[in-house]
């Protein structure tokens, strides 16, 4: 499973990239709206900072032709760019038309909140289905349960659509990996938390104390 950072901050992206585990970045209109800056320059900066994928959503949900035009422009920005279309009738129509004329464009359908919506995405030829299972964690105890049936459907009918899950906690990232998600995106605070556990910290602190009690600041030779 590839890990993605949900962020529009190039400095934050560069920081997380240093861990060596970042495969790309996801963005959405809320992120750009919150930043309140020149969104086109911001996109260029995000593309420059990301080590791979950059997911960018078209604006709007009901005008098929306008979304197609936006998708063409976005896809031209970078080979790494993944165009996000909305889970609407117009969005899926735009997806099917774009795949016929420009199959090389990588397209994800976003805000997919049910298994039957995910089925439609597979039938329409989406490269990636972005499940809304992270936010669903606030209303459901087991949002990970969306992943397995969607994966089964895609395997049953040989759909090549990959699954992107939205992680809100380290626990959910592990659960999505077990269930078979191909991608998981999460905010920087949760990405950092993947490396942490109180028992790990406790154990390493104990090792340090035991060593220093006997040997002080000495360490193994480096040459």
Exercise. For segment 1-11, how many residues are assigned to a strand (DSSP E or B) and out of contact with any helix residue (DSSP H, G or I) (no Cβ under 6 Å at 6 or more places or on another chain)?
Worked result: 4
Problem set entry | Near pairs, Cβ below 7 angstrom, 6+ apart or cross-chain, from segment 48-73 (more than 15 Å from residue 87 (Cβ to Cβ)) to any residue that is exposed (fewer than 14 other Cβ atoms within 10 Å of the Cβ) and modelled with pLDDT of 95 or more | 70/59
Exercise. Looking at (1) surrounded by fewer than 19 Cβ atoms within 10 Å (Cβ to Cβ); (2) at pLDDT below 95; (3) touching a strand residue (DSSP E or B) at 6+ places or on another chain (Cβ under 8 Å), which is the only condition residue 133 fails?
Worked result: (1)
Exercise. How many residues are more than 15 Å from residue 146 (Cα to Cα) and either without any contact (Cβ under 8 Å) to a residue 12 or more places away in the chain or touching a strand residue (DSSP E or B) at 6+ places or on another chain (Cβ under 8 Å) (or both) if we restrict to segment 105-124?
Worked result: 6
Exercise. Looking at segment 183-223, which of its residues are outside any helix (DSSP H, G or I), over 14 Å from the mean Cα position of the chain (by Cα) and surrounded by 11 or more Cβ atoms within 10 Å (Cβ to Cβ)?
Worked result: 194, 197
Exercise. When residue 43 is evaluated against the numbered criteria (1) farther than 29 Å from residue 154 by Cα; (2) out of contact with any strand residue (DSSP E or B) (no Cβ under 9 Å at 6 or more places or on another chain); (3) without any contact (Cβ under 8 Å) to a residue 60 or more places away in the chain; (4) not in a loop (DSSP other than H, G, I, E, B), which criterion, by number, is the only one it fails?
Worked result: (2)
Problem set entry | Matching residues, segment 12-34, being without any contact (Cβ under 8 Å) to a residue 60 or more places away in the chain, touching a helix residue (DSSP H, G or I) at 6+ places or on another chain (Cβ under 8 Å) and in a helix (DSSP H, G or I) | 13, 14, 17, 32
For this session: Confirm whether residue 179 is over 25 Å from residue 9 (Cβ atoms), surrounded by fewer than 17 Cβ atoms within 10 Å (Cβ to Cβ) and under 17 Å from the mean Cα position of the chain (by Cα).
Result: no
Seminar exercise, completed: (1) at pLDDT 95 or above; (2) closer than 27 Å to residue 97 by Cα all hold for residue 3 apart from (2)
For this session: Could you tell me whether any residue of segment 50-58 is touching a strand residue (DSSP E or B) at 6+ places or on another chain (Cβ under 9 Å), at pLDDT 95 or above and over 25 Å from residue 182 (Cβ atoms)?
Result: no
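The values are calculated or read from the model by the stated rules, or taken from the named source; none is laboratory data. Computed from a predicted model, the values in this text were never measured in an experiment. Neighbour counts are summed over all protein chains in view; Cβ atoms, including those assigned to glycine, are modelled from backbone coordinates with ideal geometry.
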